[in-house]
Amino acid sequence: MSEEIVIVGAGTGGSVLANDLAERLATEIDDGDVHVTLVNDGPDHVYKPVWLYVPFGKRESADGRRPLSELVDDRVDLRIDRVTDIDTDAKRIEHRDGTGPTEYDHLVLATGSTLAPEEVPGLAEAGYNFYSEDGAEALREQLLSFTDGHLVLSVVGTPHMCPAAPLEFVFMADAWFRERGLRDDVEITYTYPVNRVHGNPNIAEWARPKMDERDIGVETFFNAEEVDPEAQVISSMEGTDLEYDLLVDIPPHRGVDLIEEAGLGDRGWVEVDKHTLEAEHAENVYALGDTASTGVPNAGSVAHYQAGVVGQRLASHIRGYPATETYDGKTLCFIETGMDEASFVEFDYENPPSPAPPSEKLHWSKLAYNEAYWLTARGLL
């Protein structure tokens, strides 16, 4: 009887892991000793970092989509369906299509983040964001007609996908309006919930002087409490009111409800051992990427590195070896600092980030990686 590995979610982590297992356990799969199933609620794989460029007309939303059938190894059973229930005691999951439960020996949850703007009154009606495909396209329409006034970017929810993206947006907006000769007519303000401009103090210390140099206003300790769409005012719990003409928000994020319903963690994040990525409240369950509550950024590179760790640990278990591979918190990220320059950071649990000096070379390196990403998703890089 084969060992059943089920992966739920085909974002970066789930797709990379599925292809990793297909290669790593090719012999066992071909012999019928292992069966790998990847379940996703849609037919496409979405590369979300593309959305940052859509509002500025640099990319199209379609550039961030590929059919999963083209990305996932044929040894993997790809199932397009939504998981509606997880029973970790019985070791099975239920599906929306009602075809019956799927039993597993090993379960990997890579269900990612969802947006929850409704948690802040008025935010869904008033704000625009680039954290969804539709949102990025709507923001593009607003930016193209925005020639003067106050643009406020408010980081409302943390943690959120791609922690550097809010900084990237205001740096890119500053350069974009300058290129169009509009910067003198556009005021830009950036808000963040704590007393610095980024959750990581090293990145915050690096970014703040650049914001001051570019006349990007900053409001820290700004925890958005409500938005008045008619008055065009966003108010904080601390008592600060900001009038805006265009509100760009980073909305609250949460995981999928079935994670909390299964008793695996709060707000849809699975509580895991941050080194082994094993769930704290269930046996034979792993989580990776945004789904895993490890304290590291919700970034694609994190999901990629964690997928390799989980793949090796699963292979060790199946072959009867001790699982020794661990995740060290490795994260890397390019940070756009304008329309034609970028920085780069790499760090882990022990070593803090030290952003590289911005350069055009790093900007083109980021764009090149965005193109090469599809090879990463296929497991070729």
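The values are calculated or read from the model by the stated rules, or taken from the named source; none is laboratory data. On a predicted model such as this, the values are computed, not experimentally measured, just so you know. So basically every Cβ, Gly included, is an ideal-geometry build from the backbone, and we count neighbours across all protein chains shown. The area values use the complete protein model at the heavy-atom level, side chains included, leaving out ligands, DNA and RNA. Shrake-Rupley method; radii C 1.70, N 1.55, O 1.52, S 1.80 Å.
Candidates 244, 323, 297 compared by Cα position along the dipole of region 203-339: farthest toward the positive end lies 323, with charges placed on Cβ. Just to be sure I follow the definition: excluding the sites themselves, where is the longest run in the chain that has none of the GluC sites (Glu not before Pro) in a DSSP loop with at most 11 other Cβ atoms within 10 Å? My reading of the result: 1-229 is the longest stretch.
Projecting the Cα positions of 5, 55, 71 onto the charge dipole of region 1-112 (unit charges on Cβ atoms of Lys, Arg, Asp and Glu, taken about the Cα centre) puts 55 furthest along the positive direction. Entry comment: accessible area of region 212-327 is 44 Å² per residue, from protein heavy atoms only and a probe of 1.4 Å.
Computed over the chain with a Gaussian network model linking Cα atoms closer than 10 Å, the most mobile of 73, 31, 85 is 31. When a 1.4 Å probe is rolled over the protein heavy atoms, the share of accessible surface on the chain that falls to carbon and sulfur comes to 44 percent.
Taking a spot 7 Å from the Cα of residue 180 along the direction of its beta carbon, which residues of region 120-150 have an amide N less than 17 Å from it? Within reach of a label on residue 180, which here means backbone N under 17 Å from a point 7 Å along Cα→Cβ, region 120-150 contributes 128-130, 136-150.
By the equivalent-ellipsoid construction on the alpha carbon gyration tensor, the chain comes out with semi-axes of 38, 22, 19 Å, ordered largest to smallest.
With a ≥ b ≥ c taken as the square roots of the eigenvalues of the C-alpha gyration tensor of region 1-120, please select rounded if a/c is under 1.5 and otherwise prolate if a/b is larger than b/c or oblate if it is not? Because a/c hits 1.5 or more and a/b fails to exceed b/c, region 1-120 counts as oblate.
Tell me, what is the per residue accessible area of region 89-203 in Å², probe radius 1.4 Å?
Dividing the accessible area of region 89-203 by its residue count gives 40 Å².
Straight-line cross-link partners of residue 91 among the lysines, defined as a Cα under 24 Å from its Cα and at least 8 positions apart when in the same chain: 274.
Please identify every one of the chymotrypsin sites (Phe, Trp or Tyr not before Pro) in region 287-340 that sits in a loop by DSSP and has no more than 15 other beta carbons within 10 Å of its own beta carbon. For chymotrypsin sites (Phe, Trp or Tyr not before Pro) across region 287-340 that sit outside H, G, I, E and B with at most 15 neighbouring Cβ atoms in 10 Å, the list is empty. The calculated FRET efficiency for residue 103 paired with residue 260, based on their beta-carbon distance and R0 = 22 Å, is about 0.50.
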